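Worksheet for the structure shown next.
No lab work stands behind these numbers, since they all come straight from the coordinates. What you are looking at is a predicted structure, and each value in this text was computed from that prediction instead of being measured. With ideal geometry, Cβ positions are generated from the backbone for all residues, glycine too; neighbour counts draw on all protein chains shown.
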Amino acid sequence: MIDIKKLTIESAHEALKKGDFSVRDLCEACLSNIKEHNERLNVFREVFGDVLAQADAAQARFADGSAVLLTGIPIAIKDNILIEGRKAGAASKILENYTAAYDATVIAKLKARGAIFIGRTNMDEFAMGSSTENSAYGPTRNPHDETRVPGGTSGGSAAAVAAGMAICALGSDTGGSIRQPAAFCGVVGMKPTYDTVSRYGLIADTSSFDQIGPIAKTIRDAEIVLEAISGKDPMDGTSSEPRKPSLEKKSKYRIGIPKNFMTGEGIDAELLKNFNDTIEKLKSAGHEVLDITVPLLEHSLAVYYILQPAEVSSNLTRFDGVRYGLRADGSTVNEVYMKTRGQGFGREVRRRILLGTYVLSHGYYDAYYRKASTLRTEIGKNFAKAFDVGAGGVDIILTPTTPTPAFKIGEKTKDPVSMYLEDIFTVPLNIAEIPGISMPCGVTSENLPLGLQLIGAKGSDSLLIDAGKEFERVLQ
Amino acid sequence: MDLKDVKHLAMLARLDLPEEEEEALLADLTSILGYINQINEVNVDLAENTAGPLHNVMRDDVVTTITGSYTEVLLASAPESKDGFVKVKKIL
């Protein structure tokens, strides 16, 4: 039997090309892991029934010589990314039985390369949460410890990669939803610069923060998927032409550590020690490490939890029981709206809609929304200064991805603020529209994975990937 | 914020709340506002809140699909439809 956990995209591709195994064998190995573990872990909302037919179509491309790196590679897709003719529901009751009418741009790009869609993965409802416990279809469990959460919101996608149910996966990241579950599950996750990947066909959470990105086992695998899905798309006005990777490859990086940002309460002591040890290893490998300060960084989370609910309260008005999904019965059209939304949205989504409605309401707009969006601009400028290499800035900033390792299921569901604090290190990147990678950097004494977050300047995605590969080499 | 505010916000957001949940939501929202109110301590000039380097993205105003080619598939998503239209409750 093929060991999916040991396969990278390139090693699978080589084996498929040489005929060591077929695409069918590869898919059957993933399906066998799913069969063995999915019932307990609740990773997939649906495993597609036509995987082997997809495999045969991909195999034909190896026969006719048109196979590329992603041909025949089984990929898990988050439940908020549309695939034509298949169900997609953002793990919400309000979209139960919704069938996508078109392909998301990322899906069309993967289809063109002959990738295999193995199934759609569980997530926090409408991508709001940090643990996948907000799914209307039950929590996903962490493959490393089934009593713990896999992180969220792309918890199903990260768990699928960690459990060998797919070789890689797509997630979406609004405030850490790719990086935090990647850290909790011991895999690599990347949120690209805001304009890198088209969001056409992604069910919107917060349009000014959302990015689709890869979850994989290695930085190289994440790079392969990112290259395939990025690019300008006329259907998403915020998307840009791919940036040319810088030709000048660095061998040593100037690394900034925002020390004062990592002294707050709630940061796990063992995790912090692992982080400091990691920094020492990078220093020993010849990288330059500096303490830096990014002003206002400590207010990012408050800014995020104003802007995010504000945009969500507006974005989710489209779920009204008229055009798609659930419709509850009522005697007037207004009653239909009220009942449909009351029954269809889960607790956390309702909470954020109310909060967003509040911060946007007359009399509070200046104090909350306007103030937060002003701070957002300032935080962006402060990051740009920190990365201004000509003025003594750094190439990369490092933080832990999360303040704690994976927590227990149920541990934080009673207190929303404690759940929100899980995102403290990841949200600043979405606010500043800059790229970030979470990569594994060891485990705790309880064998729980820990993540190192690499943060780069806007558009420095290829530099970040190069640095990630170098750090993989140093830390292995 | 009090219970009246929660009810009013729910009405504005067209969200039917079970009565037993209103108290719990009030407590949650109060605690979240307690956290986000920290931005009041930061001094920043609100006039600095400009759109930044944003630009409009336009496309030519031309039809790119065949009229009606998506009607069937999109209507199939609607809970109720009739004669090529989405059906809703009487509005007036």
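Of note:
- Mean projected area (nm²) of the alpha-carbon convex hull when the range A:280-360 is viewed from all directions: 9.2 nm²
- From its DSSP helices (H runs of at least four residues, each -39,500 (n - 2.57)), the protein assembly as shown gives a residue-normalised ellipticity at 222 nm of -11500 deg cm²/dmol.
- Rounded Å value of the spacing that divides the Cα centres of the range A:40-85 and the range A:157-203: 17 Å
- In this structure, the amide hydrogen of A:CYS168, modeled 1.01 Å from its nitrogen in the peptide plane, lies closer than 5 angstrom to those of A:ALA76, counting only residues at least 5 positions away or on a different chain.
- Within a straight-line Cα-Cα reach of under 24 Å, A:LYS283 can be paired with the following lysines, leaving aside sequence neighbours fewer than 8 residues apart in one chain: A:LYS249, A:LYS250, A:LYS252, A:LYS259, A:LYS273, A:LYS385, A:LYS469.
- For the range B:17-92, the set of trypsin sites (Lys or Arg not before Pro) satisfying both a DSSP loop assignment and a count of at most 11 other C-beta atoms within 10 Å is given as B:ARG59, B:LYS90.
- For the pair A:GLU10 and B:ILE91, a Förster radius of 45 Å applied to the C-beta separation gives a FRET efficiency near 0.20, rounded to the nearest 0.05.
- Within the protein assembly as shown, antiparallel bridges make up roughly 70 percent of the DSSP beta bridges whose residues both belong there.
- Which listed pairs, of A:LYS17/A:LYS111; A:LYS87/A:LYS244; A:LYS18/A:LYS217, have C-alpha distances above 27 Å, in listed order: A:LYS87/A:LYS244
- Between A:ASP50 and A:ALA63, the modelled labels are 1.9 nm apart [label points 7 Å from Cα along Cα→Cβ].
- Divided by 2.2 N^0.38 Å, where N counts the residues, the Cα radius of gyration of the protein assembly as shown comes to 0.94.
- Length released on extending from A:LYS469 to A:GLU265, taking residue separation times 0.36 nm less the Cα-Cα span: 70.3 nm
- Relative contact order for the range A:253-329, counting Cα pairs under 8 Å that sit 6 or more residues apart, in percent: 38 percent
- For A:ASP329 and B:HIS8, a Förster radius of 25 Å and the Cβ-Cβ distance give a FRET efficiency of 0.50, rounded to the nearest 0.05.
- When its C-alpha radius of gyration is set against 2.2 N^0.38 Å (N residues), chain B gives a value of 1.86.
- Separation in nanometres of the label points that stand 7 Å from Cα toward Cβ, at B:GLU72 and A:LYS273: 6.6 nm
- Taking 37 °C and 0.692 mPa s as conditions, the range A:4-229 diffuses translationally at an estimated 196 µm²/s according to Stokes-Einstein applied to its Kirkwood radius (Cα pairs).
- Area projected by the alpha carbon convex hull of the range A:1-123, averaged over all directions, nm²: 7.6 nm²
- Likely footprinting exposure, A:LYS414, A:LYS109, fewest C-beta neighbours within 10 Å first: A:LYS414, A:LYS109
- Label point of A:GLU446 set 7 angstrom out along Cα-Cβ; within the range A:113-140, amide nitrogens under 20 Å from it belong to A:130-134, A:139-140.
- Between the amide H of A:VAL289 and those of A:ILE255, distances stay under 5 Å, these residues lying 5 or more places away or on another chain, with hydrogens modeled in the peptide plane.
- Positive-end residue of A:PRO181, A:SER66, A:ALA159, charge dipole of the range A:38-181 with Cβ unit charges: A:SER66
- Here the 3J(HN,Hα) profile of the range A:64-79, calculated from phi with Karplus coefficients 6.51, -1.76 and 1.60 at θ = phi - 60°, is 8, x, 9, 5, 10, 3, 8, 4, x, 8, x, 10, 9, 10, 4, 5 Hz, Gly and Pro shown as x.
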